[in-house]
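I have placed the structure first, in the form of C-alpha cells, so that the comments after it can refer back to it.
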Amino acid sequence: MQRTGECFEPQLTAFTCSYCAYMSGDTAGAMRIQYPATTKVIKLPCTGKTDARYIMSAFEDGADGVYIIACPIGNCHHVRGNERARARVVHTKKLLDQVGLGGERLDIFFLSAGMGESFAQAAKEMNDRIMRLGPSPLRMGGKEVGAGEAGEQKNGGDETGEQSVEATQ
Amino acid sequence: MIVAEQKPLDEIMQSVSEDKNVLVLGCGTCVTVCFAGGEKEAEILAASMRMRSEMSDGGCTVDHLTIQRQCEWEYLDSAADAIKGADKVVSLACGIGAQAIIERFPEAQMVPGLNTRFYGLPTKQGVWEERCGGCGDCVLEYTDGICPVSRCSKSLLNGPCGGSHDGLCEVSDEMECAWHLIVERMEKLGHLDRLEEMHEPKNWSAARDGGPGKIVREDLLREPPGEVDEGEEGTGS
C-alpha cells in the first residue's frame, strides 16, 4: 500500500542494467542486507537504454521517486551506456523541473557487482530523500506536501527500517 | 533537413489552458531526426502535459500520435479521426506540417509545439548547424560548396567583413566566418583566383524578398493548368 492513514511509504522505481547494477542487488540479497521494501527494480539490458519515456511513465504510474543504477563509469559492458544514462538523467531532471515534480525525485548511482551494501544504501538514500520531499504531487491532487508534513507522516508511521524486507537473491 | 526545437512547456501549456481534450501530434521525418518532434518526443510531451494538468486542475486529457509526415495530405489523413476529435492539436512538426493540419482540416484548432529553426545537418551527435538559407538562387558553385547566405551572419556575397578575426565571426566566438572558410578552401584547392570572376547580381526575388514561394510542375499535374486537380478538391474535413 502506498500510503494509508498517516503513513507515507515512498514508492521507488529503480532501473538497473543487467550486469553490475543488478548483480549488486543480488549481492545485497546474498549478504542479507535490508533496503526499503517499496523499491521496485526493473532490469534493463544496459542503462544506455534509459529513456525519459520510461522515467516519466514511472512517475505517471505512481512512483514518488525514480533512480537508475548503472555500472561504474569506465566499466560499462557496452562501453558508454552508463555515460548516456547519466546524460539522460540530467536532461530528464530538467523536464521534471518544468513539469513541477522536481528533478530531485530522480537520481543515478554507479555500482559494481560486489557493492551490495551500496545498493541498499542507494535505496535508503532515495527513500529518505522522498520522505523529506513528501509524496509525488501527482498523487496528492496537485498539492505539494511540505517536508514537515511528510516528516510527521513518517513519525506517525513505521520507521524506514521496519518497511524493509530482507533482500533475496 | 529542417531543424527545430521544442517550445518551453509553460508556453505550450498556456496555449492549451482552456482545452479539455488535447492531441500531441508528432512527425516522423525531419523533426524525428533532430529529436524535437518524433514519436519519443510526442510521448514525453504528452506525459509532461498530463502530469502538469494533473497537478493543476486535472481536467485535461492529453493523447499523442505520430504520423510519418505532417506535410503531406496522405499521411495527415491517417490522423483525421484523432485530429477531428481533439479540442486542440499541438503540432510537433515544423511550421510546414503545423500549417498543413489546418489547411487539410480547417475546423481543427492547432498550436505549434516547436520552433522551426533552420535547414541544417547534425555535425556530430547532438549538434545541428545551419547550412542552407533556402534563398532560391544557389551560389555554392561560386563559393566552393560553402554557403555564404546561411553561414555568414550578414549573408555577404563579396568576401568577409571587418568583423572577421582569427577565422571567427564577430557575432560569436563559437561561430566560424563563412568567408574565411571559403577563402581557406579555395586556397587549398588552388583556385583562389576564381573569386576575381564577376557575376550577375544575385536574384533575391527567389528568396523571401519575392514573397511566398510556389513551384508548379505542369508535367506532374493531374489536370491541365487552370482546371481543378482532383487532389485539391475539398478538404479532408
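Numerical summary
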| read-out | value |
| --- | --- |
| For region B:1-60, projected area of the alpha-carbon convex hull averaged over all directions, nm² | 3.9 nm² |
| Amide H contacts under 5 Å for residue B:68, placed H, 5+ residues apart | B:28 |
| Shielding of B:40-50 by partner chains, average beta-carbon count, 10 Å | 4 |
| Neighbour-limited loop hits for GluC sites (Glu not before Pro), region B:93-164 (at most 13 other Cβ within 10 Å; DSSP other than H, G, I, E, B) | B:107, B:141 |
| Cα-Cα over 26 Å, subset of B:40/B:88; A:40/B:40; B:7/B:214; A:124/B:7; B:7/B:202 | B:7/B:214; A:124/B:7; B:7/B:202 |
| Computed accessible area, residue B:204, all protein chains, 1.4 angstrom probe, square angstrom | 90 Å² |
| On Cα atoms only, tilt of B:39-55 relative to the major axis of chain B in degrees | 50 degrees |
| Debye equation applied to the C-alpha atoms of chain B, log10 I(q)/I(0) at 0.10, 0.13 Å⁻¹ | -0.64, -0.92 |
| Region A:21-54 versus region B:87-119: alpha-carbon centroid distance in Å | 41 Å |
| Projected-area average for the protein assembly as shown over all orientations - Cα convex hull basis, square nanometres | 27.1 nm² |
| Estimated translational D of region B:29-132 in µm²/s (Stokes, Kirkwood radius over Cα pairs; 4 °C; 1.567 mPa s) | 89 µm²/s |
| Rounded to whole Hz, the Karplus (6.51, -1.76, 1.60) HN-Hα couplings of region B:110-125, x for glycine and proline | 10, 10, x, x, 10, 9, 6, 9, 6, 8, x, 9, x, 6, 7, 4 |
| In Hz, Karplus ³J(HN,Hα) per residue of region B:193-198 (6.51, -1.76, 1.60; θ = phi - 60°; x = Gly, Pro) | 4, 4, 5, 7, 5, 8 |
| Residue (of B:96, B:147, A:58) at the positive-pole extreme of the protein assembly as shown, dipole from beta-carbon charges | A:58 |
| Long-range HN-HN contacts of residue A:108 with modeled amide H, under 5 Å | A:68 |
| Within chain B: Cβ-based charge dipole about Cα centre, in debye rounded to nearest 20 (Lys, Arg +1; Asp, Glu -1) | 480 debye |
| Using alpha carbons only: equivalent-ellipsoid semi-axes of region A:13-138, gyration tensor based, whole Å | 22, 18, 11 |
| Inter-part distance where region B:126-195 and region A:96-130 are each reduced to a Cα centre, Å | 48 Å |
| Farthest positive-ward along chain B dipole, Cα basis, beta-carbon charges - from B:180, B:34, B:126 | B:126 |
| Alpha-carbon Debye profile of region B:96-237, log10 I(q)/I(0) at 0.15, 0.16, 0.19 Å⁻¹ | -0.94, -1.01, -1.21 |
| HN-Hα J in Hz across region B:202-207 - Karplus 6.51, -1.76, 1.60, θ = phi - 60°, x for Gly and Pro | 5, 7, 6, 5, 7, 9 |
| Amide H partners (placed H, <5 Å) of residue A:42, local residues excluded | A:14, A:15, A:16 |
| For the protein assembly as shown, size of Cβ-based charge dipole, Lys and Arg +1, Asp and Glu -1, in debye | 1300 debye |
| Longest site-free stretch - chain B; sites: trypsin sites (Lys or Arg not before Pro), DSSP loop, at most 11 other Cβ within 10 Å | B:1-213 |
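The values are calculated or read from the model by the stated rules, or taken from the named source; none is laboratory data. It should be emphasised that the depicted structure is a prediction, and the values quoted were computed from it without experimental measurement. With ideal geometry, Cβ positions are generated from the backbone for all residues, glycine too; neighbour counts draw on all protein chains shown. Protein only, heavy atoms only, side chains kept; ligands, DNA and RNA dropped before computing areas. Shrake-Rupley method; radii C 1.70, N 1.55, O 1.52, S 1.80 Å.
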